[in-house]
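The values are calculated or read from the model by the stated rules, or taken from the named source; none is laboratory data. All figures in this text were calculated on a predicted structure; none of them were measured in a lab. Ideal geometry is used to build each Cβ from the backbone, glycine not excepted, and the neighbour counts take in all protein chains shown.
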Amino acid sequence: MKTYILPSLKLTAVVLILCAVLYPLLIAGVAKAAPGGGDGVTVSVNGKVVGYANIGQKFTEDKYFWGRPSAVDYNAAGSAGSNKAPSNPDYLKTVQDRIDSFMVHNPDVKKSDIPTEMVTASGSGLDPDVSPAGALVQVKRIAKARNLSEEKIKQLVAEHTQKPLLGFLGPQKVNVLKLNVALDLLK
């Protein structure tokens, strides 16, 4: 019995130290080296934090770019998708309602031109980015609401379009919060 218990206790202590002490310290160290120091990347205007760049936020006014819909109403404490299949009647009704709402606010856009991400929620419900197409499809509405030229807003979208990591990893994307902050700073 002593032959098995003592090695088992030693192994348990080693695994406990590795998994409960060293690994969490390693992950905390990596997080501190990441942008935002592990606390998230904040966006500030005039020294005041207006939001987090890595968490989607709700914008519904016509003068702002809208982000991707959220199944959890942008609640970062309850990140989740809808868990409904694409064939689920409730899901299809929700998507159709989003399409109808989008078209009411963007009457110049044809239904076939609406990017999928503008009417479907992401898996986390907190996606902070849209594709350049998702941003550009909203330009006419914003130009009209702000009495600005479409070209000026398109240029702003181009300036805030992030290229794929290393030029090929992932899609191009536009952070909605950063874009809206820049939009508010336009004169």
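Annotation: of all residues in region 116-157 being without any contact (Cβ under 8 Å) to a residue 12 or more places away in the chain and not charged (D, E, K, R), the one that is nearest to Gln96 (Cα to Cα) is Thr116.
For region 34-64, what are the residues that are assigned to a loop (DSSP other than H, G, I, E, B) and within 13 Å of the chain's Cα centre (by Cα)?
Kept after step one, since they are assigned to a loop (DSSP other than H, G, I, E, B), are these residues of region 34-64: 34, 39-41, 46-47, 53-64.
Correct list: Gly40, Val41, Ala53, Asn54, Ile55, Gly56, Gln57, Lys58, Phe59.
In region 134-143, the count of residues that are among the β-branched types (Val, Ile, Thr) and either touching a Gly at 6+ places or on another chain (Cβ under 6 Å) or not assigned by TED's automatic domain parsing to the domain that holds Ser79 (or both) is zero.
Checking the conditions here, which among Lys154, Lys84, Lys140, Lys144 is in a helix (DSSP H, G or I), within 30 Å of Gly40 (Cβ to Cβ) and of a type outside the set (A, V, I, L, M)?
Details: Lys84 fails: in a helix (DSSP H, G or I); Lys140 fails: within 30 Å of Gly40 (Cβ to Cβ); Lys144 fails: within 30 Å of Gly40 (Cβ to Cβ).
From the options Lys154, Lys84, Lys140, Lys144, the qualifying one is Lys154.
Only residues that are closer than 16 Å to Asn175 by Cα and surrounded by fewer than 16 Cβ atoms within 10 Å (Cβ to Cβ) were counted across region 140-160, and they come to 4. Picking from residues in region 120-139 that are under 16 Å from Tyr74 (Cβ atoms) and touching a Pro at 6+ places or on another chain (Cβ under 8 Å), the one that is surrounded by the fewest Cβ atoms within 10 Å (Cβ to Cβ) is Thr120. Just one residue in the set Val109, Val95 is of a type in the set (Val, Ile, Thr), assigned to a loop (DSSP other than H, G, I, E, B), more than 17 Å from Lys173 (Cβ to Cβ) and out of contact with any helix residue (DSSP H, G or I) (no Cβ under 6 Å at 6 or more places or on another chain); that residue is Val109.
Quick check, is Ser87 in the same structural domain as Thr60 (by TED's automatic domain parsing), hydroxyl-bearing (Ser, Thr, Tyr) and surrounded by 15 or more Cβ atoms within 10 Å (Cβ to Cβ)? Answer is no for this residue. For beta carbons closer than 8 Å, sequence separation of 6+ or different chains, a first residue in region 161-187 that is of a type in the set (Lys, Arg) and a second that is part of a loop (DSSP other than H, G, I, E, B) and crowded, with 16+ Cβ neighbours inside 10 Å, the qualifying pairs are Lys173/Ser131; Lys178/Ala53; Lys178/His160.
Annotation note: Cβ proximity below 8 Å between a residue of region 73-98 that is more than 30 Å from Asp39 (Cα to Cα) and a residue that is surrounded by fewer than 13 Cβ atoms within 10 Å (Cβ to Cβ) and hydrophobic (A, V, I, L, M, F, W, C) (sequence gap 6+ or interchain) occurs for Tyr91/Ala85.
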